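The values are calculated or read from the model by the stated rules, or taken from the named source; none is laboratory data. Everything numeric here is computed off the predicted structure, so don't read it as measured data. Cβ: placed from backbone, ideal geometry, glycine included. Neighbour counts: every protein chain shown.
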Amino acid sequence: MARQLTLLLFLPFLLFPLADSHNITTILAKFPDFSTFSDLLTRTQLASDINSRKTITVLAVNNGAISSASGQPTDVLKKILSLHVVLDYYDGDKLHKLRNRSAILTTLFQSSGVASGRSGFLNVTDMDNGQVSFGSAVPGSSLDANFVKVLATQPYNISVVEISSVIVPPGLSDGAAPIASPATSKSAAPSLAPSEAAASPASNAKSPSEDSPTSGAPATSPADAMAADGSPAGAPSDVADGPTGESSAADGLAVGGGAAAAMGFAILGFLWMS
């Protein structure tokens, strides 16, 4: 009887670490308009990678918008979709409160080690009209994907937000290294120093400094964001090379919970044998 009572007392502590887990396909299953996006995450095996991450933001694209990329070969499609997975937590409130109204985000594509130049990073900017827009951080890229709404969040583990269109770095779909393309009507991604652009990506690579707009508005050209030494002007902010303080706290709880679970199983084993 005492043994059963001990098991019941320890059960809540053993189950607690499981509370932080998430499943991207289960989340997206609640939204039929994103069924194609969900299926493609499963087909490219990115769903399991997303589920294994402790702090993540998924930029989801609806069925109509994802059709422009769904016909790509699987390896190219995986690169495109992994660019839509940010290695940090961003919900609607955080996107509308970007420091200096702009940030460079590190994605799952960058952590894969196969991204060329700056193709593994995203530029997110709070535009003058209040719209938050995303685009490739490859110099000269335009910001064409707009933030639409938040689909689901589990602070500070996973955030799933809808954007209006697929983001594809220049040259990615044809297998070539991304190159700068002329900016369209929206602000261009910040230019980077030649030494940074030539650096080979690594799984723990830090993201470049963000664009630093002047007078509270986003920079309108790469040249405006450059300092005399060729590096982006302004101090870095909202750089997603790792979890925020709040996200780190969540990760610490998850790690601590795992250790507690291991200790709990050891104690249960001892009690059972005795």
**Study point:** Criterion violated by T42 - all others in (1) farther than 14 Å from I158 by Cα; (2) of a type in the set (S, T, Y); (3) surrounded by 17 or more Cβ atoms within 10 Å (Cβ to Cβ) satisfied
**Key:** (3)
Check your understanding: Which of the following residues is within 24 Å of G117 (Cα to Cα) and at pLDDT 95 or above: T36, T25, T57?
Key -> T57
Practice item. Could you please give the count of residues in segment 142-160 that are within 11 Å of Y89 (Cα to Cα), hydrophobic (A, V, I, L, M, F, W, C) and touching a helix residue (DSSP H, G or I) at 6+ places or on another chain (Cβ under 7 Å)? Key: 1
Study note, to complete from the structure: Taking segment 92-111 and keeping only residues that are within 17 Å of G135 (Cα to Cα) and charged (D, E, K, R), one is left with R101
Review point. Which is within 16 Å of the chain's Cα centre (by Cα) and without any contact (Cβ under 8 Å) to a residue 12 or more places away in the chain, of K94, K79?
Key: K94
**Study point:** Subset of segment 103-116 (residues that are touching a residue at least 60 places away in the same chain (Cβ under 8 Å) and crowded, with 23+ Cβ neighbours inside 10 Å)
**Key:** A103, I104, L105, T106, L108, Q110, A115
